[in-house]
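The values are calculated or read from the model by the stated rules, or taken from the named source; none is laboratory data. Just so it is clear, the model here is predicted, and its values are computed rather than measured. All Cβ positions, glycine included, derive from the backbone under ideal geometry; neighbour counts span all protein chains shown. The accessibility values were calculated without ligands, DNA or RNA, using every heavy atom of the protein model including side chains. Shrake-Rupley method; radii C 1.70, N 1.55, O 1.52, S 1.80 Å.
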Amino acid sequence: MFANQGNGAATAGLQSASVVVENPLGEKFPFGEKFGEWFDHWRDELADVEWVPDLGRDIGSMVWFRGLGTLVLLCSVAISCLPDFGPIAGHQNAPLIGSQADQARSQMIAPLAYGSDTGISMAATDAVRPLAESPERPSIELVATLGRGDSLRRVLQRAGVAGNEAGEVTDLIAEAVSVRDIKPGTKIDVTLGRRQDRNQPRPLDQLAFRARFDLNLEVLRQDGKLKLQRKPILVDDTPLRIRGVVGSSLYRSARAAGAPAGAVQKYLQVIGKKLSVSRDIRATDEFDIILSYRRAETGEVEVGDLVYAGLERDSKPKAQMMKWNSGGRNNWFEASGVGQSSGQLVRPTNGRRTSGYGMRRHPILRYKRMHSGIDFGGGYGAPIYAVTDGTVTFAGRKGGFGKFVKIKHSGGLASGYAHMSRIAVSNGRRVRQGQIIGYIGSTGLSTGPHLHYELYRNGRTINPNSVKFVQRAKLGGRELRRFKGELERLKNVEPGAALGALKSASRRPAENREISRLNKPLNS
């Protein structure tokens with residue numbers, strides 16, 4: 001029995017020992033072997049914990065929050081270890097004050113922002129008397145610019161010239177050149193003199209500007225009066241002639257020879273009306289370009305328009321075209337005096353064609369009848385152009401045509417323009433091709449703003465699409481002789497002659513100094 005009890009006690013003791021090992025948290029044990037077991041147990045437990053889980057999975061779980069805490073802890077440690085990027089404090093000199101500052105200031109060059117004052121400043125003594133007012137400058141020099149649409153008198157008044165003197169200067173200048181011909185952007189040098197009273201404008205002492213390419217004007221005050229002085233500028237009007245071989249490209253060859261791009265394009269247009277640029281011009285041909293050209297002795301250059309376009313083949317002229325003013329219009333004429341064809345009819349307006357010539361049902365009268373012209377659509381007030389040169393024979397209202405204009409042309413032809421909103425020409429007036437004669441409207445029998453255009457031959461309407469105007473001007477008599485004389489003068493100009501040295505008119509011969517005589521041999 002006791003033996004059994006001993007066995008049971010032993011068994012109970014073993015069970016009690018096993019509980020202590022499995023659950024060490026609930027037992028108080030001393031330091032020693034059991035502390036080592038406790039440390040190993042917690043190390044194994046912490047090693048099994050996942051401190052850096054994937055935060056993309058199991059969002060909201062305890063494992064996820066544990067990983068978030070680990071991340072926040074690591075970021076906080078990293079941020080706390082950041083270095084400081086601020087400036088490193090160094091040694092600073094004590095600021096200069098009092099006499100030390102004044103001594104240093106006297107030895108430096110102060111910037112403009114601080115008055116740029118240098119040297120030792122001294123206080124005013126009893127010998128210094130303050131001025132009641134600061135003195136004025138004895139004269140003021142300035143530059144005035146003539147603007148677009150501005151007048152010379154207003155420019156001078158804005159510059160400070162008195163109104164009466166500005167008018168007097170304008171009258172003086174008008175004696176030499178037309179004030180309206182002075183180009184916008186002209187620079188005017190103005191010098192204003194001393195005045196007697198601050199409440200009065202300064203008197204004009206001198207004024208100078210370039211009135212024309214070949215003339216400088218200067219207004220000076222002499223003996224109390226303003227006088228005009230003309231200073232002519234030597235100008236060379238020799239035309240600029242450029243020649244060369246066509247080669248693979250006429251445009252590139254002309255540009256390489258020094259011709260401006262605009263002049264080459266105009267040359268191709270003029271020659272293109274005489275020859276086919278792509279088929280009739282050979283690589284061995286020679287182009288001949290003459291431009292109006294002006295040079296001043298002051299160095300300025302004005303390159304004008306194309307005045308002659310020629311082409312030579314085997315040293316013989318293939319085409320010779322010269323610009324000539326005949327009857328108030330510039331036209332290109334051949335060497336024989338025959339002008340270029342003036343082309344076909346221009347469109348009477350820029351709108352699209354809405355109705356053709358022939359029978360149609362009238363939109364208002366509602367029955368078929370002859371439509372004796374062409375209709376062009378367009379906005380109200382769009383311009384209407386004369387199809388070619390002619391004389392206005394009728395300008396006013398005409399029944400269902402409303403406001404109507406009829407123009408008589410050469411060869412028994414005439415043209416009519418109906419339904420205008422406003423007429424811009426009068427009866428008997430001479431008009432040019434492309435000139436505005438009125439504006440699109442909807443007067444008369446019309447359903448909307450448009451142009452009704454008609455063409456007549458000997459008083460009868462014809463289809464406008466069947467006629468093409470071709471005009472060729474021809475010179476004769478005295479005008480033909482003057483034309484050929486000018487053509488011969490241009491052809492005698494040497495290529496590049498306009499680029500030679502220009503002798504100045506203001507250049508004086510060198511003075512014969514006394515020392516120069518010593519170098520001359522004595523006469524025996």
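Considering only the range 299-330, state which residues are at pLDDT below 85 and surrounded by 15 or more Cβ atoms within 10 Å (Cβ to Cβ).
Residue satisfying the conditions is 326 alone.
Residues being touching a Phe, Trp or Tyr at 6+ places or on another chain (Cβ under 8 Å) and either in contact (Cβ under 8 Å) with a residue 24 or more places away in the chain or part of a helix (DSSP H, G or I) (or both): count how many of those fall in the range 455-490.
Matching residues across the range 455-490 total 9.
How many residues are in a helix (DSSP H, G or I) and open to solvent by 100 Å² or more (accessible area, probe 1.4 Å) when one looks only at the range 78-101?
Final tally of qualifying residues: 2.
Out of the residues in the range 236-281 meeting the condition of being open to solvent by 30 Å² or more (accessible area, probe 1.4 Å) and of a type in the set (A, V, I, L, M), tell me which one is farthest from residue 500 (Cα to Cα).
My answer is 277.
For the range 138-149, which residues satisfy the criterion of being open to solvent by less than 40 Å² (accessible area, probe 1.4 Å) and farther than 13 Å from residue 189 by Cα?
The answer is 147, and nothing else.
Can you go through 347, 366 and tell me which one is modelled with pLDDT of 70 or more, out of contact with any Ser or Thr (no Cβ under 7 Å at 6 or more places or on another chain), over 30 Å from residue 320 (Cβ atoms) and not in a strand (DSSP E or B)?
Within the list 347, 366, the selection yields 347.
Given 198, 194, which one is in contact (Cβ under 8 Å) with a residue 60 or more places away in the chain, open to solvent by 80 Å² or more (accessible area, probe 1.4 Å), out of contact with any helix residue (DSSP H, G or I) (no Cβ under 9 Å at 6 or more places or on another chain) and not hydrophobic (A, V, I, L, M, F, W, C)?
198
Only strands (runs of 3 or more DSSP E) wholly contained in the range 217-318 count here; list those with 2 or more residues that are over 15 Å from residue 495 (Cα atoms).
Hits in the range 217-318: 225-232, 286-296, 301-313.
I'm told residue 53 meets every condition in (1) modelled with pLDDT of 80 or more; (2) part of a helix (DSSP H, G or I); (3) open to solvent by less than 60 Å² (accessible area, probe 1.4 Å) except one. Can you identify the failing condition by its number?
That leaves (2) as the condition not met.
Looking at residue 105, is it touching an Asp or Glu at 6+ places or on another chain (Cβ under 9 Å), open to solvent by less than 100 Å² (accessible area, probe 1.4 Å) and modelled with pLDDT under 80?
Yes, satisfied.
Taking the range 437-454 on its own, how many of its residues are in a strand (DSSP E or B) and among the polar types (S, T, N, Q)?
0
In the range 400-445, what residues are in contact (Cβ under 8 Å) with a residue 60 or more places away in the chain and among the charged types (D, E, K, R)?
Hit for the range 400-445 is 432, nothing else.
Pairs please, first residue from the range 233-252 and in contact (Cβ under 8 Å) with a residue 40 or more places away in the chain and within 18 Å of residue 304 (Cβ to Cβ), second anywhere and aliphatic (A, V, I, L, M) and in a strand (DSSP E or B), Cβ atoms under 6 Å, 6+ apart in sequence or on different chains.
233/296; 235/296; 239/290; 240/291; 241/290; 242/289
Condition first: over 29 Å from the mean Cα position of the chain (by Cα) and either modelled with pLDDT under 90 or open to solvent by 20 Å² or more (accessible area, probe 1.4 Å) (or both). Now tell me which residues in the range 178-191 satisfy that.
Residues satisfying the conditions are 178, 191.
Can you tell me which residue is modelled with the highest pLDDT among those in the range 397-410 that are assigned to a loop (DSSP other than H, G, I, E, B) and open to solvent by 70 Å² or more (accessible area, probe 1.4 Å)?
This residue is 398.
At pLDDT 90 or above and closer than 30 Å to residue 313 by Cβ, is that true of residue 210?
Spelling it out, it is not the case that residue 210 is at pLDDT 90 or above and closer than 30 Å to residue 313 by Cβ.
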